[in-house]
Ligand code: TK8
């Protein structure tokens, strides 16, 4: 009996030790090693970089380019672990993780960033940018670059603007060709009040929702539709749960390459320069791939059975007119100086 009790106690001890070892809260490196928070056993610094889009998307290809540059330029002194498809959470959760120092990089759209720095809502002004060329010039300008600086007050470092792109509407109720067609559509929007009010002004019934919940919400009919660039609509397979697509092009969404300020401040001056230039270089690569993707995937969406509706200039003007009161309403929330500054930069870029 005594032997049996000893055997039982030893087995129980072994079980407890294994259970504790398996519940290690440290992140798993891509090669399966356990990495401690932003510092590995070998003393390398570790960047845990997470995005919401899947590994097919140009945003992830851009992240892999960032990884390649940083690991090469630092001779492996900084390692980059890449995560996609919301593996580390939704945009807001990952941004908060950067503030806490439990994650080092994420690349959300500017819309959710507005919950941390309200001025970023300026990029959610509908129909602000008439083209990618104007967007490039404005985002490289003083006002947009100055907004990146503001992120530091929120324990975030904005290293570069990347591109999500012009957003287009999909839904499963009806073709949307006119402003009247928006009437009553339950549209998921990003978690941004300006987006929400703009879709109400168009006659829709909008619901803010994290991107990680969107496909299921479309599949279950919780919402009728959503709006994203064609690359996202195609690569996230929204054509499986959406019947109609329209070229509303109602907002141009930048991404911002965000780094935890806690982590950034812990880097040497040389390493800070490396991650900053890598984010910019990888951004150029991502934007090139993104434009190629957005240019070609509308055709793929039609081949997958989606019905495409072209929005005429006349109908688009009606939409521009309908959202003007919302822009006026939000001008003070965003900051008149920022709105006027970006609007001026748009006019100057158009005139070049
Ligand atoms: C992905 C999102 C997405 C955005 C949205 O994490 O939420 O619809 O356009 O790209 O950031």
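Once you put a point 7 Å from the Cα of residue 56 and another 7 Å from the Cα of residue 153, both along the Cβ direction, what distance in nm separates them?
4.1 nm
Using Cα atoms only, what is the angle between the long axis of helix 269-303 and the major principal axis of the chain, expressed in degrees (0 to 90) to the nearest 10?
60 degrees
Using the count of nearby Cβ atoms within 10 Å as a rough guide to exposure, how do 310, 152 rank from fewest to most?
If I rank by nearby Cβ atoms, fewest first, I get 310, 152.
With everything on Cα atoms, drop me the angle between helix 313-334 and the longest principal axis of the chain, reported from 0 to 90° to the nearest 10.
Approximately 60 degrees, to the nearest 10.
Would you calculate a helix-derived [θ] at 222 nm for the chain, using -39,500 (n - 2.57) for each DSSP H run of n ≥ 4 and dividing by the full residue count, to the nearest 500? Intermediate results must be reported in sequence, preceding the final value.
Working: 13 runs with 168 residues, N = 352.
The helix-only estimate for the chain comes to -15000 deg cm²/dmol at 222 nm.
Along Cα→Cβ, 7 Å out, is where each label goes; now give me the distance between the ones at residue 145 and residue 173 in nm to one decimal.
That separation, rounded to one decimal, is 4.5 nm.
In nm, what is the difference between 0.36 nm times the number of residues separating residue 68 and residue 270 and their Cα-Cα distance?
Full extension from residue 68 to residue 270 adds 71.0 nm.
Based on the Cβ-Cβ distance from residue 304 to residue 99, what FRET efficiency comes out when R0 is 35 Å, to the nearest 0.05?
0.35
With a ≥ b ≥ c taken as the square roots of the eigenvalues of the C-alpha gyration tensor of the stretch 39-351, please select rounded if a/c is under 1.5 and otherwise prolate if a/b is larger than b/c or oblate if it is not? Before the final figure, lay out each step's value.
On the way: a/c = 1.89, a/b = 1.47, b/c = 1.28.
Because a/c hits 1.5 or more and a/b exceeds b/c, the stretch 39-351 counts as prolate.
When ranked by the protection proxy of mean other Cβ atoms within 10 Å per residue, highest first, what sequence do the peptides 327-340, 271-284 form?
271-284, 327-340
Please list 257-263, 90-96 highest first by mean number of surrounding beta-carbon atoms within 10 Å per residue. Show your work: numbers first, answer last.
Values: 257-263: 23.6, 90-96: 20.9.
My ranking of the peptides, most packed first, is 257-263, 90-96.
Which distance in nm do the two modelled labels at residue 313 and residue 180 give, with both placed 7 Å along the Cα-to-Cβ direction?
A separation of 2.3 nm, rounded to one decimal place.
Round to the nearest 0.05 the FRET efficiency obtained for residue 207 and residue 75 when R0 = 45 Å and r is the Cβ-Cβ distance.
Efficiency computed from Cβ-Cβ geometry: 0.40.
Multiply the residue gap between residue 87 and residue 220 by 0.36 nm, knock off their C-alpha separation, and tell me the result in nm, one decimal place.
Here the answer is 45.7 nm.
Rounded, prolate or oblate: which fits the stretch 79-176, taking a ≥ b ≥ c as square roots of the Cα gyration tensor eigenvalues, rounded meaning a/c under 1.5, else prolate when a/b beats b/c? Walk me through the intermediate numbers first.
Values: a/c = 1.94, a/b = 1.22, b/c = 1.59.
Oblate, since a/c reaches 1.5 and b/c is not below a/b.
Using 0.36 nm per residue, how much length does the chain from residue 292 to residue 136 gain when fully extended, once their Cα-Cα distance is taken away? Each step should come with its number before you reach the end.
Working: separation 156, 0.36 × 156 = 56.16 nm, distance 1.57 nm.
Extra length from residue 292 to residue 136 when fully extended: 54.6 nm.
For the chain, take the longest principal axis of its alpha carbons; what is the angle in degrees between that and the long axis of helix 91-100, to the nearest 10 within 0 to 90?
Approximately 50 degrees, to the nearest ten.
Sort 82, 106 by Cβ crowding within 10 Å, fewest neighbours at the top.
With the sparsest Cβ surroundings first, the list reads 82, 106.
Rounded to the nearest 5, what % of DSSP beta bridges with both residues in the stretch 39-351 are antiparallel?
In the stretch 39-351, approximately 60 percent of DSSP beta bridges are antiparallel ones.
Measuring from centroid to centroid over Cα atoms, what is the spacing of the stretch 59-132 and the stretch 307-323 in Å?
Centre-to-centre distance over Cα atoms comes out at 31 Å.
Rule-based calculations on the coordinates, nothing more; no lab input. Predicted model only: the values in this text are computed from it and were never measured. Note that each Cβ is placed from the backbone with ideal geometry, even for glycine, and that neighbours are counted across all protein chains shown.
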